[in-house]
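Engineer: One structure is given below, represented as structure tokens, and several questions about it will come after.
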Amino acid sequence: MGILSKKDAQLVLDPLADNNPITIQVLGICSALAITAELKASLVMAFSVLFVLGVGNVVISLLRNVIPSKIRIIVQLVVVATLVIIVDQVLKAFAYELSKTLSVFVGLIITNCIIMGRFEAFALGNGPWKSFLDGIGNALGYGVILIIIGFFRELLGSGTLLGYAVLGDPIAKTGLYAYGYENNGFMIIPPAALIVVGIIIWVQRSRNPQLIEEA
């Protein structure tokens, strides 16, 4: 990782694989199911959480010695809500149609258990730099899974990627694509996301048997 020490590099790299917040910690599943029918929405949500978690971890770390323990959850919610409002306003200003597609799910970043979990488990006990790396690492781990799910759901469900036809040229008003491809409507409903997550978990554990929980 170049300028990063080995321990610092692990803060970024571990959530990308052996400690992924979705596939290992089983956090953030709701948004993985809800907004991954299109790759563009998955990308925007991934970048949004990257900003909120990276900056939020730093802010909480800077305030950790002055936040009264009795109101720490309230303070954390205020910090994440402020950052989410910034994200929401930027989306409305520069990507209004997409902001309408994501609608309530951007607001639900406030209650994303990955973000609150990292605030509690890491930022409250570590300095700003390590907290920043931890936030970036966990947000990237979350985002990578969202992008993988969004890629396969849009490709197989609509025959497109980022709105562009990939599996052949669309035949007008039929839902059919050239080369014998027909849109798979099942892939654009939430249960399909759960199946894709299950496949990712299976692949991950088959590559690393140490991740398999003992009965």
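The values are calculated or read from the model by the stated rules, or taken from the named source; none is laboratory data. Owing to the predicted nature of the structure, the values given are computational and were not obtained by experimental measurement. Cβ sites come from the backbone with ideal geometry, for glycine too, and all protein chains shown count toward neighbours.
Engineer: Can you find a residue that is under 30 Å from residue 184 (Cα atoms), surrounded by 15 or more Cβ atoms within 10 Å (Cβ to Cβ) and among the hydroxyl-bearing types (Ser, Thr, Tyr) anywhere in region 58-70?
Structural biologist: no
Engineer: Would region 105-115 turn up any residue that is β-branched (Val, Ile, Thr), more than 18 Å from residue 47 (Cβ to Cβ), without any contact (Cβ under 8 Å) to a residue 24 or more places away in the chain and out of contact with any helix residue (DSSP H, G or I) (no Cβ under 9 Å at 6 or more places or on another chain)?
Structural biologist: Filtering region 105-115 down to residues β-branched (Val, Ile, Thr) leaves 106, 109-111, 114-115.
Now restrict to residues that are more than 18 Å from residue 47 (Cβ to Cβ): 111.
Remaining after also requiring without any contact (Cβ under 8 Å) to a residue 24 or more places away in the chain: 111.
Then keep just the ones that are out of contact with any helix residue (DSSP H, G or I) (no Cβ under 9 Å at 6 or more places or on another chain); that gives none.
Taking every residue of region 105-115 in turn, none turns out to be β-branched (Val, Ile, Thr), more than 18 Å from residue 47 (Cβ to Cβ), without any contact (Cβ under 8 Å) to a residue 24 or more places away in the chain and out of contact with any helix residue (DSSP H, G or I) (no Cβ under 9 Å at 6 or more places or on another chain).
Engineer: Just for region 151-172: of the residues that are on the phi < 0 side of the Ramachandran plot, assigned to a loop (DSSP other than H, G, I, E, B) and surrounded by fewer than 17 Cβ atoms within 10 Å (Cβ to Cβ), which one is modelled with the lowest pLDDT? Even if it seems obvious, please write down each step before you answer.
Structural biologist: Residues of region 151-172 that are on the phi < 0 side of the Ramachandran plot, as a first pass: 151-158, 160-161, 164-167, 169-172.
Remaining after also requiring assigned to a loop (DSSP other than H, G, I, E, B): 166-167, 169, 171-172.
In the following step, the residues that additionally are surrounded by fewer than 17 Cβ atoms within 10 Å (Cβ to Cβ) were identified as 166, 169, 171-172.
Numbers: 166: 80, 169: 57, 171: 50, 172: 47.
Here the answer is 172.
Engineer: In contact with a strand residue (DSSP E or B) (Cβ under 8 Å, 6 or more places away or on another chain) and closer than 30 Å to residue 185 by Cα: does that describe residue 91? Steps first, answer last, please.
Structural biologist: Working: in contact with a strand residue (DSSP E or B) (Cβ under 8 Å, 6 or more places away or on another chain): no; closer than 30 Å to residue 185 by Cα: yes.
So residue 91 does not fit the description; no.
Engineer: Between a first residue in region 136-147 that is over 16 Å from residue 116 (Cα atoms) and a second residue that is outside any helix (DSSP H, G or I), which pairs have beta carbons less than 6 Å apart while being 6 or more apart in sequence or on different chains?
Structural biologist: Final answer for the pair search is 145/22; 146/36.
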